[in-house]
Each structure stands twice: as C-alpha cells, then as structure tokens.
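Engineer: Following this message is one structure expressed as structure tokens.
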Amino acid sequence: MALDTQQQMLIEQRVSNDAKSPLLAYLLLLFVGGFGIHRFYLGRSGSGIAMLLLLIVGAFTLPIGIGILLLGALGIWMIVDLFLIPGMVSQQRDSLRQNLRAEFAAQVK
C-alpha cells in the first residue's frame, strides 16, 4: 500500500532528524580517525574495530619496524574514508528511510 503525502513528509522529517551528520563524521575522522570512531558513529563497528586494532598493533610493533607498515595502511584507509563518508551517510539515510516506511506500512495494516 502506498503512503500518503503526510506520511511521506513525516518519514522525511524523521530521516532528517535521526540521520547521521556528515560534518560530525568528518570531524571525527580528522581528529580521532585512527581510532575508527567515525566508523563506529556511522554504524560500521566491524571496520571500526579493524582500524582500532591496526592502530594498537601498529603502535606496539613500531619499534621493530612492522608498525610503520600497519600505520601506513591505516593512514591510507583514513584518506580513502574521506571519499567514502558521503556514501556511508547516504546508505544510513536510505536504510533509515526503508525502516520507517516498513513501520508506517505495518501500522496501516
């Protein structure tokens, strides 16, 4: 069943209120990006944990030389994330929108 205009407006309002902020995601990346906090914020806990582990293992193995490779990989990952954040925010908004539509559709039935 199709949603009426008022329901669609309510959904879009909730999406704009509840969606993650790209500005906050960028700030988290720039200031604490090595910890993967921006990924946790965007709901990507698995890759956030991977970034955190790269940082920890890289820091501990830095004296024996291996750490430079791990920290370098982490740095490249952070640079790539500069370009991926808009898509991650968009995916989160789309997912939220679909969940809200399903919620409204269930209420109508």
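Engineer: Please calculate the 1.4 Å probe accessible area of Ser21, with all protein chains present, and give it to the nearest 10 Å².
Structural biologist: 40 Å²
Engineer: Now, a different point. Where does the charge balance sit around Leu28 when Lys and Arg score +1, Asp and Glu -1, over other residues with C-beta under 11 Å from its C-beta?
Structural biologist: Net local charge, Leu28 excluded: +1.
Engineer: Set the Förster distance to 30 Å, then compute FRET efficiency between Leu27 and Ala106 from the Cβ-Cβ distance, nearest 0.05.
Structural biologist: After rounding to 0.05, the efficiency reads 0.25.
Engineer: Using the Cα centre of the chain as origin and beta-carbon charges of +1 (Lys, Arg) and -1 (Asp, Glu), tell me which of Pro86, Leu55, Ser21 is placed farthest towards the positive end of the dipole.
Structural biologist: Highest projection toward the positive end goes to Leu55.
Engineer: OK, next. Quote the relative contact order of the chain in percent (integer), defining contacts as alpha-carbon pairs under 8 Å separated by 6+ residues.
Structural biologist: Relative contact order here is 32 percent.
Engineer: Another question about this same structure. What dipole magnitude, in Debye to the nearest 20, does the chain give about its Cα centre under +1 on Lys/Arg Cβ and -1 on Asp/Glu Cβ?
Structural biologist: Dipole magnitude for the chain comes out near 100 debye.
Engineer: Let me ask something else. Please compute the net charge surrounding Leu100, taking Lys and Arg as +1 and Asp and Glu as -1 over other residues with Cβ under 13 Å from its Cβ.
Structural biologist: So the surrounding residues net to 0.
Engineer: Give me the percent of accessible area attributable to carbon and sulfur for the chain, probe 1.4 angstrom.
Structural biologist: That share works out to 68 percent.
Engineer: Measuring from label point to label point, each 7 Å out along Cα→Cβ, what is the Gln6 to Ile56 span in nm?
Structural biologist: Placing both labels 7 Å along Cα→Cβ, they lie 5.2 nm apart.
Engineer: Using 12 Å as the cut-off for backbone N distance, which residues of the range 7-24 belong to the label zone defined by a point 7 Å from the Cα of Ser95 along Cα→Cβ?
Structural biologist: Counting backbone N atoms under 12 Å from the label point, the list is 20.
The values are calculated or read from the model by the stated rules, or taken from the named source; none is laboratory data. Quick caveat, the model's predicted, so the values are computed rather than measured. Counting neighbours? That spans all protein chains shown, and the Cβs are built from the backbone with ideal geometry, glycine included. Please note that ligands, DNA and RNA were not included when accessible areas were found on the heavy atoms of the full protein model with its side chains. Shrake-Rupley method; radii C 1.70, N 1.55, O 1.52, S 1.80 Å.
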